[in-house]
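Coordinate-derived values only; no laboratory data. All values reported here derive from a predicted model rather than from experimental measurement. FYI the Cβ positions are ideal-geometry reconstructions off the backbone, even for glycines, and counts take in every protein chain you see.
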Amino acid sequence: MTTTTPTPMRARQAGPLTGTISIPGDKSISHRALMLGALAVGRTTVTGLLEGHDVLATAAAMRALGARVEPPQSETGEPKSDGDRLKRTWTVDGVGVGTLLEPEAVLDMGNSGTSTRLLAGLLATHPITSFMTGDASLVRRPMARITKPLTDMGATFLCRSGTRLPMAIVGTDRPAPISYRLPVASAQVKSAILLAGLNTPGITTVIEPVATRDHTEHMLQHMGATVTVDSTPDGNAISLVGQPDLIAGPIAVPGDISSAAFPIVAALCRPGSNVRIPDVGLNERRIGLLTTLAEMGADITYENRRLQAGEPVADLVVRASALTGVDVPPDRAATMIDEYPILAVAAASATGTTRMRGLAELRVKESDRLSAMATGLGACGVTVRVEGDDLVVVGTGGKVPGGATVTTDLDHRIAMSFLVLGLSAAAPVAIDDATAIDTSFPGFAELINRACRQAEGEDGTLDGREVIGP
Ligand code: S3P
């Protein structure tokens, strides 16, 4: 199991954020690019890949399964998250659908639920035996949601406590196609079944009563698979024709809206801010946060709208705004599932109350995010309540008291959310451990510090200390 030494970090009140903030590549699309590239015939090139720990776990796993996955050749240094992102090209030499090799060692998926669940789908319909584990966060997360349908397709799973990692996967040599109605709104479960359907003869169908991110469907189509989406009274029925030849080719990964969310909220909440965030993916199943912030009064404009590898992309210009509390309906949850922690931070400095409804799924993310946000905001002097599956935040209408140390529980989004809160707090906000941030947003603190520097005096700091630091 992966363990790291905790690195505490704190954020203090900041001046305005200005300039250009280049965010890392989309985590969901990066995982899928490596997995599908590894199953294609020939060489897939991937530019703009997220070089965070979660995606590097997928890269290592695909290598262990026989694919060649190479970082940009000319560079040997640390992965970066800056304007060079789109100039870095990864290459993946695939093995073809159905020919993954049995890995010799346990697959360590680190903190990454997406790597674990999607890969379990691929492995379920390959006739090999594999073992997976992960860090202290990942081994707490439920796996029954994937083992149930994948067992129906013929695989056998053995999990700790019945449903948790470590997990053994015995893939079937006679996969059976299924038609499966998702009991939870989950793109990971949908994708696990579709990826299992790749090496399954016949047609595998997933019915999703609630529409979730459709990057798997887009990329499968982009690589030549036949995927159809039919609207039914029960929701979309997504069908994949099994055993296609996936065609290798170039994939350009857009910036991650889920990572952009942190500098967006930071800029909205710091008076005088005006930042440009280029190349943000705006898949319509991912933009619930932007809809909600617009309702709260956020000044965000979209420039240079375009399509990149079938995904809508734009440059965002974000200006400081006076935000007002809103009621966020439960049917928006799937389109902003990872953004509730940072929305709760925006709500804490807004005027009025924000109620976020229908957040049961937040309890099974990298941490129990409902409880983490309620506890952390409460410790920072914000009035907050969990009512059933709703999170209710009473906005301070300006400065949050702050002055607490928040436990992040290996959750990158909890860590970044409370650092952003610290930028608007009367007293600094500390987190017990910042290491998880590297799973999705390497270089986060440096990017925020850089955006604050112009307003912070010539040496780039106020009183010699960075805005976010140890
Ligand atoms: C993801 C789906 C979501 C999201 C996660 C990434 C994906 O999880 O929270 O960060 O890439 O498919 P669920 O499918 O569990 O909602």
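Of note:
- Cα gyration tensor category, rounded, prolate or oblate, for the stretch 329-410 with a/c compared to 1.5: oblate
- Proximal lysine pairs, the chain, alpha carbons under 29 Å, eight or more residues apart or interchain: 10
- Helix 412-423 axis, angle to the chain major axis (alpha carbon atoms, nearest 10°): 10 degrees
- Distance histogram for the stretch 27-251 (every C-alpha pair counted, 10 angstrom bins, percent rounded to whole numbers): 9, 36, 38, 16, 2, 0
- Mean residue ellipticity (222 nm) of the chain, computed from DSSP H runs ≥ 4 via -39,500 (n - 2.57), nearest 500: -8500 deg cm²/dmol
- Across all C-alpha atoms in the chain, the radius of gyration and Dmax reach 21.5, 67 Å.
- Proxy reagent accessibility, fewest Cβ within 10 Å first, across 65, 39: 65, 39
- Rounded Å value of the spacing that divides the Cα centres of the stretch 115-145 and the stretch 242-298: 27 Å
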